[in-house]
Each structure stands twice: as structure tokens, then as C-alpha cells.
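All remarks here apply to the structure that follows.
The values are calculated or read from the model by the stated rules, or taken from the named source; none is laboratory data. If you're wondering where the values come from, they're calculated on a predicted model, not measured in any experiment. Positions of Cβ are backbone-derived with ideal geometry, glycine not excepted, and every protein chain shown enters the neighbour counts. All accessible areas refer to the heavy atoms of the entire protein, side chains included, with ligands and DNA or RNA removed. Shrake-Rupley method; radii C 1.70, N 1.55, O 1.52, S 1.80 Å.
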Amino acid sequence: MSSTLSKKSRSHLPVAACLLTLCCLGLVGRRAVASDWPGFRGRDVTGISSEASIFPADGKFSLDVAWKRDLGSGYAGVAIAEGTIVTAFSDGTSDIAIALDEKTGDERWRFTLDDTYVGHDGSHTGPISTPVISEGRVFVLSPRGKLFGLDLKSGKRLWFEDLTKRHGSSKPHYGFATSPIVHDGVLVVQIGGKGGAIAGFDPKKGKRRWRLGKDEIQYQSPIRTTLFGREQIIAAGDSKLFGLDAKKGKALWEYSHGGGGARGVASLVPVPAGEATFFLAYQDDSSTVVRLQEVDGNVKGKQRWGNRNIRNSYNVPVFHDGYLYAYSSRFLTCVDAATGKSRWRSRDPGDGFTILVDGHLVIATKKGGIHVAKATPQGYDELASVQPFDEMAWSPPAFANGHIVMRGLNEIARVAVRSGTATATDESEDVVVSSSFAKFLDEVVQAQDKRKVVDQFIRKNKPLPFTDEGIVHFVYRGKGTDLAVGSDLFGARQERMMKRVEGTDLFFCTAKLDPDTRANYLFIRDYEDHLTDPNNSRKTKTSIFGKEMEMSFSGGTMDMSWFAMPQWSAPRYFETPKRGQKGRIEKKSVKSKLIKRPIPVEVYLPVGYAKSDQRFPVVYVHGGKAAIKRGEMPKALDNLIGTQVDPIIAVFIMYDVPMFGPSKYVEMFTDELVDFIDENYRTIASPKGRASIGVGFVGATAVSTVLEKPNLIGKIGCQSPFIFGSTMDGIKSQVEAFKGSPIDVYVDWGTYDFRNPDEAWDMGATAIEFGELMRKNGHTVSGGEAHDGTGWSSWRNRFDLLFASLFPKK
């Protein structure tokens, strides 16, 4: 029997992930009331509430949900003013702005902004920008760039501007995410476009007053601060910071920041961190603090420090008493703003978004919790928490009139702070262990010589991890104070915290799995070191993940360990082929007029090809370099042909297919490559004699090459096709327009395929959707799910099923 450790005896095991957060900020006019929270990150866009004496000095208080209600999907945060909460969501048909009574949550009005903006390429459906309230008006920007001025009391439309049609703005890939700022009687919007990155509008009528700044704009939003003795707007673009006089429509200064990256400059919000000093999370994997100086009327910047101590997060930090409180990847951290040195790091309370209230961190986690801890460089010590939602939350909290307001992906709640002893919530999962592992833990706890007991267990059970009763027990023994496991099991931008056995240097983490599961994993030690398991000789390399389990598109690799549950069987077709069983490979080059360069191919010819006049079916393998090097596909064919697969020719295309927009490649394939192979080899030159194969990133290419030219290729083989939202839309259009004969399709995927459980992408789900699409349109589909992970160490385990499905031995 398995055992469950009590929550009191273990640490949290948070799920930490990151999707492109496109939350935007709002800034209000000078009439805003201090206790309100009129836009993203509050009144002054610092994420700091001006309210005091909220939390008792003795630290004894509780958090209670005052009210909660359903909304609909969306990332938009909340704006609070004049007793009204405003946010935006999708009801599945339309994107909607809604006003709620602050005290009761009752609806006051709703206004339709646009047709629903459907999430794509990893984003969820619905509005992204946070509304902003100023002087009885609320300003809302839809994902397609429709900017509205509404009456706060009634929701009546006062004016409307279409940023794309009337102002030449281009919609960013994930939609408009910046929010308007009202300052000095001007509505300031980072609209992007050739005419100027930033524009000023009349908040009463909507007429544009000015436009300036040469830079690209993605999902950045501006702030208001005082610099060099004058209040001004500071806005970040892809390459510059701008200081603006909103009333005059004048650029005061600009500074080239040198940033880049989707989680860096693309969603950059400057954070004031002292006199004329700003924190910039301007790169995906690093950040900096810059001090600006005014010299002869010009503004120059000097970097005070730059490092990796705050990185890889969409959360905007808060600055308090000389320290930055931020998320770095999925852990919370405190960094000295003057030196960049880290004071502490904590995996609790899990990944999320921070604000500061009365000297305390108020954190909304992505798992739907609210957590409060004193903001101190001494460490993270949680005082109270509550769990308003059982769903994901991806918006920063707000604080107004003594209450926290939190937005979940589909819900909204108001949380009260009450005196008294706190009741802590626990977002972590139960730690389940097998009975034998539980017995081992008991022996360790009771032993005088704990090291001896641990040594004996590791020696007896190598190679680790320990698998028993359908549970895998990841075990690490060695140096370190914080250990986590990254694995296919948990997904991209995820890890699981390991529990330390008291009095030892032993850490463990568990997961309950199917009895034939196989997957990759590694250890992350002290937030930085990525280690394979020293007690497991089974090693592999992944090109799917990089450090911190980030998605990797660079082509580089990272070392990982792998394990298998007891009922998993290793494929035997990678054994050295018997004498006379090995095919041969010829290297050729196709002169492509379309791509305007030679396209190298390596052609696998089966045993007996040279001595026969027989014609053979052909499989075209896209991404041939990786298929040969990482997949060892020729060796697999040597062993499969004649036992499970008919003799075939395999054409490995040694050309790196572009991830986006491979149209020329598809045209080259259909119009040049297939003819070249038919002219130079004895092929079965018919649709049923040809197959197009692609795995992972080139899975969509394998599909497109068949659908592009009906009746050229009659078979598709793909494993874990990485077909993100917009790519799937293109394939759907191709399938619906296809006029050729029915296609034989093989598609497989792993239970623990490339995915992020907090974000709207899952390649296993995509594979299922693709298979159903093909079946619905009259094509024959085979394949299915394997209890495996992702990458070549997974795909190669199913080559027998792939090739036997396409060209089975007769």
C-alpha cells in the first residue's frame, strides 16, 4: 500500500510556470482618492498601497473571502475607484467590460468591447489590458486595439477610437496589452506604429492630440514618476526609455536600454528604485538597475548592476526600503537594489504576482491563493493566506479600502483582512510514498547512524529513482539546501520541490504513475545548478528544454537522466544489426531554384537494393539531421525492415526547416525534391508509395507538405507534432480545402509531452485534435498515446509503430 505524508510533515511542492503575461497598467489623474486602486499596480503604478495600519503589529490576522463571483476568461486586472470595480473578460462570444459594486460584487453594468479575442499560441482567451479609472470615466483597450471611453456610473460609451484602422497601429502577436494613462488632462497610450510609439488623446472626446517616439512597442506599459524635479511619464519600448511631458506632448529625453526577450523587454515595466534610479527586467535571463543623470540638458544612464538574480518572470517587482521583492523564474526573492545581491530566495508560496501593502507583501499565486508576509530582507515568513480560487490566476492583486481584490482566470473575489489568528492554506499536493519507502524513512528517522541507513538504501536500489507500487521516488543525496526536480512529468517552466529528510542530506520527491511510464528528469540545486542523477547511469540529452525547464528553440541540448517504471520495455531495434542486415546511405544534393541553395539529403537504401530491379516505397524524413543523430533512425530501419516493416527508401532531408513560415520549403519539397528522388532511385512513384514524416517541431511541416499538393503524398507519419494555435488554424484550412484521395495518417504523442499546465498549450492535446480533424474529414488515422515524455528519447521508442503503420511487412 502507498502512504500519504501529513501536510505538517512536509514542505510545499508548488507548481511554478510562466505564460507571456500581458497585464498592463493604468495611471490616474491627480483627483484619485488614496484608498482607491484605479489601475494596474495602483495609484502610482508602483504596486504599493498608500493605506497604513492594515495589518496588526503582532502579526495575528486572518484573510477571509468577503465575496466571490464568476466572470469569464481573461487576463485583465482590476481597477477600483468611487466604490466601483472594473475589469474585462470574455463570455465566449464577446469581450466585455464589467463594473461591480465594490462591497457586494453585484453587477452595475457591462459593455461589449468586441468579438471575443480567442487565445492562441499559448495564451488564454479574453482581454489582456487592465482598465483605468479617472474623473468619473473608465478607459478600456480591447486586444484588437479598440479604445473606449466609458462613463463610470452608467457604462455608457462616451467615445471610441480604433488604433489599427484610424491610427495605423499594428496589433502585437498576442493582442494589445498596454493600458491608457491619464496625466495632466491627457490620455496617454503606447499605440506603436510608424507614426510614433506613444500617443496622447483627449480623455473627454477621444481626439488624438499628439504622437511621438520612434520605437517598436509590444506589451510594455508606462509609469508616472517624478524625475529631476518634474512629474513625467516614463514609457519603455523595445529599445528605449522615453521621458514625456504629457500636457505639452513633448519628449523630454530618451535612453537606449539595450534589452530583449519576450519576458524581458517585450513586457517591460520600469520600477522606480530610488532617486533617478530604475529597475529594468529588460532581458529574459537577467535584469539591471540604471541611474539616470541630467548632463547639459541631456539624460544619460549608468548601470549600477546587472545580473541573473531577478530573471525569467512576468511579475513586476515592488521596491521597499532599499530592496526589490520579485519573482525570479518561479521562486520569490529579495534583492538589494543598490548592489544587486540576493538576500533570500523562497519557493513558497509558489509562482505569482506581488504588491506591497502596509510594509507587507501581498502575493496572488498562479494556483489561486493570496498570501501575506512582512517585506523584510531577513527572509520569507508567511503570516496568513487564503485560497479564493481552485483555478489558475494570472493577474496581480489590487488593494483598496482595506480589502484585497483578486482576479482568477474566470473568477473575481474580494478578500477581507481580519484581526485574529490566521488559518493558513496549503496549495501543495499530497506526498504519496510506497509502503517500503515509508518504512525506509522511518528507519532513517529512528537510526543513530542515519548516513549508514541512507548509504545502504542507495546501494541496494541503484539505479535510482526508486520505483515501487506505481510510485516513482526521486532521491537526491548530497550538497544543497534547496532541491527540486524538473521533468517531462511536470512540463515546461515547472519543477517540484524535494522534501529534506531531517538530520540528513537526503531529499526526495514522488509521483504516482502508470506502470509502463518512461520520462526524463534532472535535479535543480539551490535554484541554479542543473544536475543529472549521480546514482543513475541512464543519461540522455534534450533539445526541448533549457535551464529552468524553459522551452528551447535554439537547437542546443541539456543533459538529463531518465527512468522507467517496471512494465516499460526498451525497444530492441537499436541493437547492432546482424551481418547482412545493414542498409547503406548515399549523400546527394538537390539544386533548389526556390530556396536558391543546394539542399543536402542522405538517402537510406535497404539491403538488397543494388542487386534488385524492384521499386520501393519512400519515406521523406523532415529534420533529417536530428532523426539520424538523435533518433538513430537508420539503425532502427536496419532492424525493423524484414521483421515488421517492408523494405523502404528513407530520404533524410538535411535542411533546417524554419519554425515559422516554411512556405518556400514546402514548395521546394513538392515541386523539386520528390521529382529528384524519383529520377535518381527506383521508387514507387504514387501517393500510396510515399510518406512524409516529421516529429516535434517539424511535425507540422510533414503535414503541410502532404496537404499542399493533393495526390502527391498519400501517407503522413508524425510524432508529437508541435502545432501551436495559429499553425493549427492554417492546417485546418488546408484540410478543409483538400480535394485529394484519403490520406493514411499515423500520429502519436506522450502522456507527458511538451506542455505547460498553467499556459494554454499542450502538444499531446494538439496531437489528439489533429487526429480528430483528419478522421472527421475522411482520412484514416492510427497511432495513439504512450506513457512517455517528450523529445527524441521518447519518440524513438515508437519507431516500430510509426513505420509498421505506414509500410507494414507483407
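Hydrophobic, long helices, defined as DSSP H runs whose alpha-carbon span along the helix axis is 27 Å or greater and whose mean Kyte-Doolittle value is at least -0.5, do not occur in the chain.
In this structure the stretch 368-479 gives 41 Å² per residue of accessible area when probed at 1.4 Å with all protein chains present.
Look at the dipole of the chain built from charges on Cβ: of 717, 119, 595, the Cα furthest out on the positive end belongs to 595.
If R0 is 45 Å, the Cβ-Cβ spacing of residue 734 and residue 576 corresponds to a FRET efficiency of close to 0.60.
A probe of 1.4 angstrom, applied to the heavy atoms of all protein chains, finds residue 562 with accessible area near 60 square angstrom.
As an exercise, identify the trypsin sites (Lys or Arg not before Pro) in the stretch 466-555 lying in DSSP coil whose Cβ has no more than 13 other Cβ atoms within 10 Å.
Those that pass, being in a loop and sparsely packed, are 479.
Modelled spin labels at residue 439 and residue 780, positioned 7 Å past Cα toward Cβ, are 5.3 nm from each other.
From the square roots a ≥ b ≥ c of the eigenvalues of the alpha-carbon gyration tensor of the stretch 253-338, which class results: rounded (a/c under 1.5), prolate (a/b over b/c), or oblate? It comes out oblate by the Cα gyration axes. Highest average first, the peptides 712-718, 334-340, 51-57, 155-161 ordered by how many other beta carbon atoms sit within 10 Å of their residues are 712-718, 334-340, 155-161, 51-57. Rolling a 1.4 Å probe across the protein heavy atoms gives the stretch 649-761 an accessible surface of 33 Å² per residue. Counting charges near residue 157 (Lys, Arg +1; Asp, Glu -1) among other residues having Cβ under 15 Å from its Cβ returns a value of +2. Would you mind telling me the antiparallel percentage of the DSSP bridges in the stretch 731-810, rounded to 5? Of the beta bridges lying entirely in the stretch 731-810, close to 20 percent run antiparallel. Bridgeable aspartates and glutamates around residue 439 (alpha carbons under 13 Å apart, same-chain partners fewer than 8 residues away excluded): 468.
Residues 331, 466 ordered from highest to lowest accessible area at a 1.4 Å probe: 466, 331.
A cut-off under 14 angstrom between Cβ atoms defines the neighbours of residue 767, and their net charge, with Lys, Arg +1 and Asp, Glu -1, is -4. Only Cα pairs under 8 Å and 6+ residues apart enter the sum, and on that basis the relative contact order of the stretch 155-211 stands at 27 percent. Extension gain for the segment residue 65 to residue 205, taken as residue separation times 0.36 nm less the Cα-Cα distance, is 46.5 nm to one decimal. With a cut-off of 9 Å between beta carbons, the residues surrounding residue 176 carry a summed charge of +3, where Lys and Arg count +1 and Asp and Glu -1. Across the stretch 177-268, Cα pairs under 8 Å and at least six residues apart give a relative contact order of 22 percent. Here the stretch 582-706 has an Rg and Dmax of 13.8, 42 Å, counting Cα atoms alone. Just the protein heavy atoms count here, and of the accessible area of the chain at 1.4 Å, carbon and sulfur take up 47 percent. To the nearest 500 deg cm²/dmol, what mean residue ellipticity at 222 nm is calculated for the chain from DSSP H runs of n ≥ 4 alone, each contributing -39,500 (n - 2.57), summed and divided by the residues? That comes out to -3500 deg cm²/dmol. For the stretch 466-476, the Karplus equation 6.51 cos²θ - 1.76 cosθ + 1.60, evaluated at θ = phi - 60°, returns couplings of 8, 10, 6, 6, x, 10, 9, 10, 6, 10, 10 Hz by residue, with Gly and Pro reported as x.
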